[in-house]
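Right, one structure below, let's go through it.
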Amino acid sequence: MFDQPLTPAQQRNLEKLLGRTAIDRTAVILDIFAQNARSPEGKAQVELALLRYRLPRLRGRGVSLSQQAGGIGRRGPGETQLEVDRRRLVRRMHRLEAELKDLDRHRSTQRASRGRGRHREVALVGYTNAGKSSLLNALTVANADVEDRLFVTLDPRTRQHRLEGGETILVTDTVGFVRNLPHELVEAFRSTLDSVRLADLLVHVVDASAPDPVAQIDAVRTVLEIIGASEVDEVLAINKADLAPAAAARLTLANPGSVAISVATGENLDALVDVVAARLHRSDRVVALRVPWARGDVLAAAHREGEVLETTDDGDFARVRVVLDPTGRARFSEWVAS
């Protein structure tokens with residue numbers, strides 16, 4: 001086993017030289033993903049990644065793959081077994097890509113529906129086994145699977161969390177990252193990772209007890225850059241502070257604005273939620289609206305899309321002071337009090 005990717009030629013040469021099967025880092029990670037895939041989408045994504053990995057490795061698997069079989073009526077040269085296998089793999093890849101496109105359209109419809117509600121979205125990202133699913137369970141009633149294993153979570157889970165001011169946000173648990181994440185997996189899971197790229201805020205969960213948490217932070221940020229999410233605002237949540245208090249303190253000091261937490265004990269979870277709320281509202285401001293009482297739909301939308309601070313009676317109108325983000329302010333522009 002080799003802790004770096006091997007080209008097909010390198011793999012074949014090593015197997016000839018060593019008389020053993022040569023397995024690289026990519027194959028190991030793909031195998032772990034295959035064991036943990038549960039949903040139809042997760043299974044399709046992992047299978048597509050496996051096929052993309054195997055396709056260039058078909059060549060040289062033995063004499064049987066290069067022997068030609070007769071065509072119709074067994075006259076003349078036909079396809080080699082290699083060509084048949086390659087054609088079958090390509091056909092299966094196209095079918096999986098079509099299935100994933102259908103699933104992606106369904107997710108886009110769900111995302112558009114959520115967007116109409118103007119709930120802000122927070123994505124939990126981080127190195128695999130850092131505690132993202134445990135944090136989702138602690139913040140929401142998610143009942144997400146939690147195990148001390150790599151890549152337990154492959155399918156994103158989105159749950160609601162109500163902030164202290166009454167605003168509801170959506171919190172999404174995502175697949176864990178790892179250093180040198182195989183290109184095949186990044187491509188296959190790109191639609192799933194859109195929940196990270198389109199989030200309003202990232203909560204980057206870090207395992208303070210890891211041997212090298214700084215390297216894990218760098219690895220996660222590298223993947224975020226690959227998928228186009230490096231510009232999304234980020235809050236570092238230094239998890240497992242109860243297991244490694246000194247390391248958590250160093251990381252918090254080195255990363256201003258981060259919060260040292262322990263999901264296991266509940267330490268500082270309220271502080272993390274306060275920081276998340278403050279970062280989400282950093283671009284918000286209080287807007288005064290003057291809405292006719294008869295327009296209950298507008299008043300309900302103000303409560304749904306922002307944090308209503310005060311409502312007063314002004315005859316036939318309601319004066320509402322509400323915290324809105326820039327998109328919300330544009331939507332209520334005709335009701336802004338002069």
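Summary of values
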{"quantity": "Sequence ranges 299-307, 86-94, 195-203, ranked by mean other-Cβ count within 10 angstrom, highest first", "calculated": "195-203, 299-307, 86-94"}
{"quantity": "Which of H204, H281 is most accessible, then next, and so on - probe 1.4 Å", "calculated": "H281, H204"}
{"quantity": "Qualifying lysines (Cα of each under 16 Å from Cα of K240; at least 8 residues distant if same chain)", "calculated": "K132"}
{"quantity": "Inter-site label distance for E225 and D104 at 7 Å from Cα along Cβ, in nm", "calculated": "2.4"}
{"quantity": "Relative contact order (%) - criterion: Cα under 8 Å, at least six apart; region: the stretch 232-338", "calculated": "22"}
{"quantity": "Built amide H within the under 5 Å cut-off of E121, gap 5+", "calculated": "L170, D200, L201"}
{"quantity": "Viscosity 0.890 mPa s, temperature 25 °C, Stokes-Einstein D of the stretch 209-303 from Kirkwood C-alpha radius, µm²/s", "calculated": "151"}
{"quantity": "Sequence-distant residues sharing a close amide H with E267 (under 5 Å, placed H)", "calculated": "S262"}
{"quantity": "Where only alpha carbons of the stretch 240-281 are counted, the Rg and the Dmax (Å)", "calculated": "10.6, 32"}
{"quantity": "Alpha-carbon Rg with Dmax, taken over the stretch 19-58, Å", "calculated": "11.1, 38"}
{"quantity": "Accessible area in the full protein assembly, largest first, 1.4 Å probe, for W293, W335", "calculated": "W293, W335"}
{"quantity": "Relative packing of peptides 314-322, 1-9 - highest average C-beta neighbours within 10 Å first", "calculated": "314-322, 1-9"}
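The values are calculated or read from the model by the stated rules, or taken from the named source; none is laboratory data. Because the structure is predicted, anything quoted here is derived from the model rather than measured. Please note: Cβ atoms are built from the backbone with ideal geometry, for glycine as well, and neighbour counts cover all protein chains shown. To get the accessible areas, we keep the full protein, side chains included, count just its heavy atoms, and leave off ligands, DNA and RNA. Shrake-Rupley method; radii C 1.70, N 1.55, O 1.52, S 1.80 Å.
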